[in-house]
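The structure appears below as structure tokens.
The values are calculated or read from the model by the stated rules, or taken from the named source; none is laboratory data. Every value quoted in this text rests on a predicted model; they were computed, and no experiment measured them. Cβ sites come from the backbone with ideal geometry, for glycine too, and all protein chains shown count toward neighbours.
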Amino acid sequence: MAKFKPKLVIASTGIRPEHCSFEAAAAMMQAEKLYHWSVNAWVAALNPNSYNIEVVVGRRNAESRSHAYEDMAEVLLCELRSGRNVTYAQYGNAAIANTRATQIWLGIPASRAI
């Protein structure tokens, strides 16, 4: 039996549920673990293994927004290291994902952050 590599899908949810593409909804439904923002509570109904990323990392207790984003990125990376297929549901358009979180995923140090 072939062993599949873990993958991370970043899916755009749009502003309202009707903005979400069929492909993004399919990725959210098929994920082994689905992480979403509280503003996307409707996403939780798509997958029984869904988690509010803000709750998981305790964003409201984080030292700063930047630290919260670093913690969120680390949660996703830990899932990948565990061999899971993970989907992160980004509110709005994923192409406009948080700049610092994207830089963290790409390994760009904070000293070079925008």
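Data overview
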| item | result |
| --- | --- |
| Residue satisfying condition, being touching a strand residue (DSSP E or B) at 6+ places or on another chain (Cβ under 9 Å) and among the hydrophobic types (A, V, I, L, M, F, W, C), within set 24, 45 | 24 |
| The listed residue being more than 22 Å from residue 6 (Cβ to Cβ), in contact with an Asp or Glu (Cβ under 9 Å, 6 or more places away or on another chain), at pLDDT below 75 and surrounded by fewer than 17 Cβ atoms within 10 Å (Cβ to Cβ), out of 111, 38 | 38 |
| Cβ-Cβ under 7 Å pairs, at least 6 apart or on other chains, the stretch 36-59 side within 21 Å of residue 78 (Cα to Cα) and free of Cβ contacts under 8 Å to residues at least 24 places away in the same chain, far side basic (Lys, Arg) and in a strand (DSSP E or B) | 49/33; 51/33 |
| Residues of the stretch 9-22 classified as within 18 Å of residue 78 (Cα to Cα) and at pLDDT 90 or above, total | 1 |
| Residue in the stretch 76-83 that is within 13 Å of the chain's Cα centre (by Cα) and either assigned to a strand (DSSP E or B) or surrounded by fewer than 14 Cβ atoms within 10 Å (Cβ to Cβ) (or both) present | yes |
| Yes/no for residue 25 being at pLDDT 85 or above and at negative phi | yes |
| Candidates 56, 43, 9 - the one that is among the aliphatic types (A, V, I, L, M), crowded, with 18+ Cβ neighbours inside 10 Å and closer than 18 Å to residue 82 by Cα | 9 |
| Members of the stretch 32-56 that are outside any helix (DSSP H, G or I) and under 9 Å from residue 89 (Cβ atoms) | 34, 35, 36, 37, 50 |
